[in-house]
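First the structure, in the form of structure tokens, and then the observations on it.
The values are calculated or read from the model by the stated rules, or taken from the named source; none is laboratory data. Just so you know, these numbers come straight off a predicted model, no measurement behind them. For neighbour counting, all protein chains shown are included, and Cβ atoms are generated from backbone atoms with ideal geometry for every residue, glycine included. Heads up: the accessible areas ignore ligands, DNA and RNA and are worked out on the full protein's heavy atoms, side chains in. Shrake-Rupley method; radii C 1.70, N 1.55, O 1.52, S 1.80 Å.
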Amino acid sequence: GESVGLHLPTLSVQEGDNSIINCAYSNSASDYFIWYKQESGKGPQFIIDIRSNMDKRQGQRVTVLLNKTVKHLSLQIAATQPGDSAVYFCAERVHGNEKLTFGTGTRLTIIP
Amino acid sequence: GAGVSQSPSNKVTEKGKDVELRCDPISGHTALYWYRQSLGQGLEFLIYFQGNSAPDKSGLPSDRFSAERTGGSVSTLTIQRTQQEDSAVYLCASSPLGPSSTDTQYFGPGTRLTVL
């Protein structure tokens, strides 16, 4: 089976509850942030993004919050479903730089 | 429409052998990226192409790694004289324009490389 993520931070949430996944980023010059979802055996899938001139952005069942003062990013998932179980990565990018720098990820498990 | 595809999906090789990993980006996407994901780690940027050019190769771990892109489409990542520490999932992504925009990068399923 998939063994990626044995050392990842984990979060277990009851189905139907809300979940919050946190990420601390490192570069104060980063101006663009993305959350990705990675299911076992698949590549990362884009969830939502936010630019540094915003502090909140909402999508379908997901909200991203950005606190530039403390360099903190969070992903809120409302009314979690079994299909939300995955590893979630935040990524940051400095304007004009091609590199996305990824965090180590958080494994979210939804308890039925 | 078709997403990013990668081949092979799994590759097992012996230490010292060369391997080639292939990426087919989404049609029309100008930018193409290679990342490596080691066990229990996040994604590590390797190289990016804008068209057929690779402006920044500094993410490549060693001179055993090389990549090319032809016709602004397919890309090949080559690892020569593979070592056990090269074992990882190699992910390819593409985006319509390039990194200076806020284009979403669309990822392929990856190639899992195991070096024995």
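Observations on the structure shown:
- Approximate shape of the protein assembly as shown as ellipsoid semi-axes (Cα gyration tensor, √5λ), whole Å, largest first: 29, 21, 16
- Anchor A:K68: lysines whose Cα lies under 24 Å away (excluding residues fewer than 8 positions away in-chain): A:K37, A:K56, A:K99
- When only the Cβ of Lys, Arg, Asp and Glu is charged (+1, +1, -1, -1), the dipole of chain B relative to its Cα centre reaches about 200 debye.
- Dipole of chain B, positive end: most advanced residue of B:L91, B:H29, B:G51 [Cβ charges, Cα centre]: B:L91
- Alpha-carbon geometry of segment B:5-107: the Rg and the Dmax are 13.2, 40 Å, given in that order.
- Overall form of segment A:20-111: prolate. Here a/c, set by the Cα gyration tensor axes a ≥ b ≥ c, is 1.5 or more, and a/b is the larger of a/b and b/c.
- Around the Cα centre of segment A:20-111, unit charges on the Cβ atoms of Lys, Arg, Asp and Glu (plus for the first two, minus for the last two) sum to a dipole of about 60 debye.
- Largest mean-square fluctuation among B:S58, B:S27, B:S95, in a Gaussian network model of chain B whose springs join Cα atoms under 10 Å apart, belongs to B:S58.
- Residue among A:Q81, A:Q38, A:Q60 with the largest mean-square fluctuation in a Gaussian network model of chain A, springs linking Cα atoms under 10 Å: A:Q60
- Charge dipole (debye, nearest 20) of the protein assembly as shown; +1 at Cβ of Lys and Arg, -1 at Cβ of Asp and Glu: 120
- Ranking by accessible area, most exposed first, for A:E15, B:E14, A:E39 with a 1.4 Å probe: B:E14, A:E15, A:E39
- Under a Gaussian network description of chain A, with springs only between Cα atoms under 10 Å, the residue in A:K68, A:K99, A:K56 that fluctuates furthest is A:K99.
- Residue mean of other protein chain beta carbons inside 10 Å, A:19-27: 0
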